[in-house]
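A short worksheet on the structure shown next.
The values are calculated or read from the model by the stated rules, or taken from the named source; none is laboratory data. Everything quoted here is computed from the prediction, not taken from an experiment. Neighbour counts are summed over all protein chains in view; Cβ atoms, including those assigned to glycine, are modelled from backbone coordinates with ideal geometry. SASA here: full protein model, heavy atoms, side chains in, ligands and nucleic acids out. Shrake-Rupley method; radii C 1.70, N 1.55, O 1.52, S 1.80 Å.
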Amino acid sequence: MKRRPLSVAAALAATAALLLTACGSGDDKPSGNDKSAGADRGSETPKESAEPSAAQAEDKPDGVDVSLPKDMNLVFDWDKPKDRNEAAAMDDAANFVRAIYRGVYKRTSNDAAVTAYSTGDGLHYAKTQIDSRVDGGWTATGTRRHYLATTRSAPNGNSVEVAFCVDSSKFYGKEVRTEKILRSKPSIADFDYFKVVMVKFPTGDGMWQASKVFVEAKAEKCQ
């Protein structure tokens, strides 16, 4: 959904100051949902190509590139709320997730999408997730499904909590150097529950940024 135009340059200009003041996240360690920390997991080479990424339908929302490689498929299986702000916040929560994995793909936490769709603790979270994978020599491959999403607006209308489940049972870490896929048996560790607090972009018309990220690991309610 093309909600509003905003160039990459504008996004970077408005977020430059935020990069200098990004503070700690409530979840500093990598979630591990893509099995990127799988030193003890079996290694396999891919047997078939994954389906094209769901992000490709909207590669440049707000003029920011969130495109991903074909083998990195992020599926957002949820219905948008009727409230306009909540729907926009939900869209950009999805773009925030795409931005993280674009950073993993591009091997940098300073990608324009990361700085456009996150701020404060959300920016710190995104950078931690990306940098841990870059430092470990991993990228990701497979399908990561996001579902059972809900939204809740703050009374002042300036922030929206977007909560959703994540199923990473078919999403794996992949060694960049060898291209070996790190697989593991499906388990409760593949399911997480996210709460992402989205705030209105200071100067953008209808654009939202992730400001806080809370993760409940091994979420039984998501199975």
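List of remarks:
- Paramagnetic reach from residue 184 (point 7 Å along Cα→Cβ, amide N under 13 Å) across the range 131-171: 168-171
- When 166, 215 are compared by accessible area of protein heavy atoms, the largest-first order is 215, 166, using a 1.4 Å probe.
- 5 angstrom amide H check on residue 159, placed H, neighbours 5+ away: 154
- Backbone HN-Hα couplings from phi across the range 175-181 [Karplus 6.51/-1.76/1.60, Hz, Gly and Pro as x]: 5, 5, 5, 9, 6, 7, 8
- By accessible area with a 1.4 Å probe, ligands and nucleic acids excluded, highest first: order of 134, 97: 134, 97
- Amide H contacts for residue 171 (H built 1.01 Å from N in the peptide plane; partners 5 or more residues away or on another chain; cut-off under 5 Å): 143.
- Surface listing: 147, 105, 193 arranged by accessible area from highest to lowest gives 105, 193, 147, probe 1.4 Å.
- Under the shape rule built on the C-alpha gyration tensor, where the axes satisfy a ≥ b ≥ c, the range 95-223 is oblate, since a/c reaches at least 1.5 while a/b does not exceed b/c.
- Accessible area of residue 153 in the full protein assembly, 1.4 Å probe (Å², nearest 10): 50 Å²
- Per-residue ³J(HN,Hα) for the range 195-202, Karplus 6.51 cos²θ - 1.76 cosθ + 1.60, θ = phi - 60°, Hz, x for Gly and Pro: 10, 10, 8, 9, 10, 5, 4, x
- Cross-link pairs 170/218; 70/174; 185/218; 185/212 - those with Cα-Cα distance over 19 Å: 185/212
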